[in-house]
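Contents: one structure, followed by commentary.
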Amino acid sequence: MKRKNNYFLYVIIVIMPSILGMLTIYHYVTDRDETERLNDAKWIATIHQKNWDQFISETVTTLDILALSIDAQNDMETVREVVRSTQLTDMRYGSMFLLDATGTFETGTSELLKDHDFNNDPYIQEIMRTNDLIISEEVETLTPEQQVIGIANPILDVNFQLERIVGAHLRVDYMQNIMRMLTPDASISITNSSGKQIMNMNGGIGKNDQVYTLPIDRLPWNIEVSVSDVASGNLLKRTAIFFFPLFILLHIFFFFIKYFMLKKHAKNAEKENEIQKLELVGNLAASTAHEIRNPLTGVKGLIQLLSEKHKQEEDQYYFSIINNEISRINEIVSEFLILGKPTIEKKEHIYVQDIIRELEPLIKSEANLANIHYEDSLPEEPVGIYCNKDQMKQVFLNIAKNALESMSSNGYLSISLTTSAHHCYLTIKDTGVGIPKKEMDRIFEPFYTSKDYGTGLGLVVCKRIVEANKGEITIESSASNGTVVTIILPLDSHSFDS
């Protein structure tokens with residue numbers, strides 16, 4: 001049964017939290033990995049977006065400068081040379097060209113452009129319609145080895161009417177090389193406004209790929225970056241890195257729980273043994289009390305007769321010692337009987353002040369004999385409790401006598417009574433020798449005493465009586481600093497009149 005309980009505890013504390021923790025960690029690692037892969041794709045797309053925007057801005061600036069240069073020249077040969085020199089200074093352009101207002105070719109850097117019908121190009125038609133910078137959404141083949149994308153800028157007269165069109169062919173291979181240099185391992189596609197792929201790198205975007213899309217600011221195009229695939233081995237490795245410390249901590253927690261449970265079990269077993277020992281002593285005392293007391297009564301009577309017959313001082317001294325020892329035996333038997341009783345009978349409604357006032361003459365006389373100052377502090381309003389009066393008197397008197405015996409001349413003993421909503425607190429404080437720290441844990445052990453003639457049952461009996469009345473007794477003390485004993489009892493919840 002004990003082994004089954006251990007297995008059950010291990011499953012509850014280690015196995016189940018480990019499974020839940022592993023699933024939680026795996027979910028966290030998976031989400032984090034996906035976020036990182038998306039951020040990587042976003043970073044790649046942002047780099048190429050900025051590169052394309054910069055390239056288009058530079059191209060527009062080049063075309064604007066070229067338009068101004070052409071506008072300042074009247075000689076076509078000079079214009080042709082300006083266009084040619086501009087194209088040769090930038091390897092990003094496959095060719096450059098100049099068209100008239102109707103889209104007819106005037107001059108360019110490539111002889112192949114003479115036979116090209118620009119009027120059929122949609123982006124040229126769009127320029128003629130809008131008088132605005134337009135970039136082609138289709139890839140053209142300038143030569144069998146070279147693919148280009150057209151971009152054109154209108155040249156307007158003073159009345160903002162289309163006068164000429166200056167344009168350039170952007171080399172696709174050059175832009176792909178730039179993209180490959182920036183991110184050599186990324187799979188990228190450039191798509192136009194219709195979603196058609198214009199160019200790609202490393203095979204472009206697969207059919208089932210997760211894609212991050214970012215628009216290019218200066219173009220009606222989008223950059224699509226394939227998000228890298230999940231690396232299962234990496235996920236498991238990262239999960240294990242987080243999981244193993246958790247697994248170790250759960251085992252440490254399990255061992256702590258086991259330690260505290262074993263400690264509590266040992267404490268309960270020790271307490272149970274103590275209770276059994278007290279019950280055994282009490283049962284033994286209860287069964288033999290009359291057999292012990294009857295002979296003692298006879299012995300005490302005979303001693304009294306002998307003391308009346310022998311009046312010598314020495315004989316009387318011996319008789320007094322015998323009587324004291326007989327009284328001590330009776331006291332021990334009475335304490336045994338209290339230990340043996342499982343419950344306290346004959347309870348009644350009483351006032352705590354009444355018990356203390358009945359005990360005051362005894363306490364004051366003992367205090368005066370020992371030259372000890374005594375005072376009490378009792379509330380005027382009656383404090384009622386429900387208990388066995390004689391046994392509660394025994395508790396108060398026993399603790400007060402212990403306090404008196406712990407003090408020498410000029411000591412101080414005080415008894416105070418306070419209340420809360422549901423309890424009363426009787427505090428007995430002395431300025432005696434106190435109790436050393438090493439003895440504090442043993443003061444409620446049966447038969448343990450620091451007195452020369454003590455039975456070691458006084459505090460045990462007091463605790464048994466107080467706890468039987470649903471109360472509590474606490475002791476605070478240290479060597480040479482006196483002792484404070486607090487008896488906590490529940491207030492009587494019923495009116496005495498009832």
Angle in degrees between helix 16-71 and the longest Cα principal axis of the chain, rounded to the nearest 10: 30
Would you mind checking which residues have amide H under 5 Å from residue 383's amide H? H placed 1.01 Å from N; only 5 or more apart, or other chain. 352, 353
Distant-in-sequence amide H partners of residue 388 (H built 1.01 Å from N, under 5 Å): 348
Relative contact order of segment 344-490 (C-alpha contacts under 8 Å, at least 6 apart) in percent is 24
For residue 349 and residue 196 in one chain, what is 0.36 nm times their gap in residues minus the Cα-Cα distance, to one decimal in nm? 45.2 nm
Give, in nm to one decimal, the length gained when the segment between residue 27 and residue 291 is fully stretched (0.36 nm per residue of separation minus the Cα-Cα distance). 87.2 nm
Computed [θ] at 222 nm, helices only, for the chain once each DSSP H run of length n ≥ 4 contributes -39500 (n - 2.57): -18000 deg cm²/dmol
Any idea what angle helix 458-468 forms with the longest principal axis of the chain, computed on alpha-carbon atoms, 0 to 90 degrees, nearest 10? 60
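Just to verify a number: FRET efficiency for residue 421 and residue 320, C-beta to C-beta distance, R0 = 51 Å, to 0.05?
Efficiency at R0 = 51 Å is approximately 0.50.
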Going by alpha carbons, how many degrees (0 to 90, nearest 10) lie between the helix axis of 232-309 and the longest principal axis of the chain? 10
For residue 84 and residue 104, what does the FRET efficiency come to when R0 = 25 Å and r is the distance between their Cβ atoms, rounded to the nearest 0.05? 0.85
With no solvent and one point per C-alpha, what does the Debye sum give as log10 I(q)/I(0) for segment 79-150 at q = 0.25 Å⁻¹? -1.38
In nm, to one decimal, how far is the residue 217 label point from the residue 491 one, both placed 7 Å along Cα→Cβ? 7.8
Separation of segment 120-165 and segment 33-59 by C-alpha centroid, Å? 26
Does anything in segment 204-232 have its amide N under 15 Å from the 7 Å Cα→Cβ label point of residue 185, and if so which residues? 226-232
With a 27 Å threshold on alpha-carbon distance, the violating pairs from 277/463; 311/401; 50/114; 263/451; 271/437; 237/258 are 311/401; 50/114; 263/451; 237/258
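Computed from the coordinates by the stated procedures, all read-outs in this text should not be read as laboratory data. Note that the structure is predicted; figures quoted are calculated from it, not measured. Backbone-built Cβ (ideal geometry, glycine too); neighbour counts: all protein chains shown.
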